[in-house]
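K.L.:
Below: one structure in structure tokens.
Computed from the coordinates by the stated procedures, all read-outs in this text should not be read as laboratory data. Treat the numbers as computed from the prediction; the structure is a model and nothing was measured. Note that we place each Cβ from the backbone using ideal geometry, even for glycine, and neighbour counts take in every protein chain shown.
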Protein chains: 2
Amino acid sequence: MENKIILMSHGMMAKEMLNSAKMILGDQIDYPVVCMSPNDGIDGTKYKLTKILEQITGNEKIIIMADLMGGTPANVASMEALSDSRINVITGMNLGMILESFFSLKEESLEEKLMEIGIQGIMKPQVQAIDDE
Amino acid sequence: MENKIILMSHGMMAKEMLNSAKMILGDQIDYPVVCMSPNDGIDGTKYKLTKILEQITGNEKIIIMADLMGGTPANVASMEALSDSRINVITGMNLGMILESFFSLKEESLEEKLMEIGIQGIMKPQVQAIDDE
């Protein structure tokens, strides 16, 4: 069964990270996003997330990638996970994690894999000339 | 001497990550961003970055945080680093790294610290109730 992915952030970051992923992978990657606006607070953010969760009626695993440990989006997601055992929350999302998720939707321990990929992607690139320059 | 920070991404992600940081820290955090549009390619992205670099006339360290190892923004930044020894590139940026950078602008090994913070921020949050719920 395919895992479901939800992206959550302060502001429009989650939506634009998804758009960045679309620039690379095309429109085939499409996840629901929760973009917390400045006035949402906990309740407004929870409302946005709940509306998405209501549409996931199966018992598949739901992985919520949030922008920041300790931030309202991550806290709201964690709170929902208390009453919905399908939900797994990971924080600190970066673009590599979003890209990888698309190719690994059926992995049983996807949240573990995404954390690993996210961590591996934080690095100093080897400096090298690019071919067509 | 304060390090300079530049954020680079596919699409508007870098700008919206900065806006997310502003939601948390206020407008005091303000870095130049290079948002590669679909038609920019290497040359257009390099042009955008060069315009920013030209405005940094001192010999302070410049840390470029890019969205993705192996992506065009990171590659262009790495290429620039070949001819500009002020530039240090790190990839896989997440929001925690951007927030941390603001409080550590004077750190000598800031790029190392940011990678550490970015990696630490990728985690499963402890599930706990929030006070005002």
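K.L.:
From other protein chains only, count the Cβ atoms within 10 Å of every residue's Cβ in A:19-26, then give the mean.
P.N.:
Mean shielding by partner chains, rounded to a whole number: 5.
K.L.:
Starting from the Cα of B:Tyr47, step 7 Å along the direction of its Cβ; do the same at A:Tyr47; then give the gap between the two resulting points in nm.
P.N.:
Using points 7 Å along Cα→Cβ, the separation is 4.4 nm.
K.L.:
Which value in nm describes the separation of the simple spin-label points at B:Phe103 and A:Leu105, placed 7 Å from the Cα toward the beta carbon?
P.N.:
3.8 nm
K.L.:
A further question on this structure: What average count of beta carbons from other chains do you get within 10 Å of the Cβ of residues in B:90-103?
P.N.:
Mean shielding by partner chains, rounded to a whole number: 5.
K.L.:
Between B:Glu112 and A:Leu25, what FRET efficiency comes out of the Förster formula 1/(1 + (r/R0)^6) with R0 = 35 Å and r the beta carbon distance, rounded to 0.05? Could the numbers behind the result be given before it?
P.N.:
Numbers: r = 31 Å, r/R0 = 0.89.
Rounded to the nearest 0.05, the efficiency is 0.65.
K.L.:
What list of ³J(HN,Hα) values in whole Hz, one per residue of the stretch B:47-56 in order, does the Karplus curve 6.51 cos²θ - 1.76 cosθ + 1.60 (θ = phi - 60°) give from phi, with Gly and Pro shown as x?
P.N.:
In residue order, the calculated couplings are 4, 4, 5, 4, 4, 6, 4, 4, 7, 9 Hz.
K.L.:
Comparing B:Ile122, B:Ile62, B:Ile52, which has the greatest mean-square fluctuation in the GNM of chain B with Cα pairs linked when under 10 Å apart?
P.N.:
Answer for the Gaussian network model of chain B: B:Ile122.
K.L.:
If we count every other residue with Cβ under 11 angstrom of A:Leu114's Cβ, Lys/Arg +1 and Asp/Glu -1, where does the sum land?
P.N.:
Neighbour charge sum, excluding A:Leu114 itself: -3.
K.L.:
Of the residues A:Gly118, A:Gly71, A:Gly26, which exhibits the maximal mean-square fluctuation in a Gaussian network model of chain A defined by a 10 Å Cα contact cut-off?
P.N.:
A:Gly26
K.L.:
Turning to a different aspect of this structure: Using the Karplus curve 6.51 cos²θ - 1.76 cosθ + 1.60 with θ = phi - 60°, work out ³J(HN,Hα) for each residue of the stretch B:111-125 in order, rounded to whole Hz, and write x for Gly and Pro.
P.N.:
With coefficients 6.51, -1.76 and 1.60, one gets 4, 5, 4, 5, 4, 4, 5, x, 5, 4, x, 8, 7, 8, x Hz.
K.L.:
While we're here: Using a 10 angstrom cutoff on alpha carbons, build the Gaussian network for chain B and name the most mobile of B:Met36, B:Met69, B:Met123.
P.N.:
Sorting by GNM fluctuation, first place goes to B:Met123.
K.L.:
Across peptide A:56-66, what mean number of C-beta atoms from other chains lies inside 10 Å of a residue's C-beta?
P.N.:
Mean shielding by partner chains, rounded to a whole number: 0.
K.L.:
Also, I was wondering about something else. Add -39500 (n - 2.57) for each DSSP H run of 4 or more in chain A, then divide by its residues: what number comes out at 222 nm, to the nearest 500 deg cm²/dmol?
P.N.:
Rounded to the nearest 500, the figure is -13500 deg cm²/dmol.
K.L.:
Can you list the residues, at least 5 places off or on another chain, whose amide H is less than 5 Å from the amide H of B:Lys4, using H built in the peptide plane?
P.N.:
So B:Lys4 has HN proximity to B:Lys61, B:Ile62, B:Ile63.
K.L.:
What residues have an amide H closer than 5 Å to that of B:Val34, excluding those fewer than 5 places away on the same chain, when H is modeled at 1.01 Å from N in the peptide plane?
P.N.:
Amide H neighbours of B:Val34, under 5 Å, 5+ apart: B:Leu7, B:Met8, B:Ser9.
K.L.:
Could you give each residue of the stretch A:94-109 its phi-based ³J(HN,Hα) in whole Hz, using Karplus coefficients 6.51, -1.76, 1.60 with θ = phi - 60°, and x for Gly or Pro?
P.N.:
10, 5, x, 5, 5, 4, 4, 4, 5, 8, 10, 4, 8, 5, 5, 9
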